[in-house]
Amino acid sequence: MTIADHGTHTTWCPVPGGLQVANRGGAFMGFIEKLPGGGFAAFDAHSERIADFAGLAEARAAVESGRRASDQS
């Protein structure tokens, strides 16, 4: 796996324990945790839970946007 820093590009790195960590331009963006019952929990850069998602793509989009589902009304 190659990890490159492109400033505005978000890099996802899997880590042990079922987590995926997001980095953009050297800054920690948040992470995703695979849930035991299925789906994914997304967390922001302050380790605050954003929401749970059925799909990985939706969870990644939530972390990358930095917004909670309740913020998108």
query = Applying the selection to segment 4-47, what residues are among the acidic types (Asp, Glu) and closer than 14 Å to Gly66 by Cα?
reply = Asp44
ask   = For segment 12-48, what are the residues that are over 9 Å from the mean Cα position of the chain (by Cα), charged (D, E, K, R) and surrounded by 12 or more Cβ atoms within 10 Å (Cβ to Cβ)?
value = Arg24, Lys34
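Each reported figure results from applying straightforward, stated rules to the coordinates on display, with no laboratory input. Small disclaimer: the values here were computed from a predicted structure and weren't measured. Because the Cβ atoms are built from the backbone with ideal geometry, glycine has one as well, and the counts that use them run over all protein chains shown.
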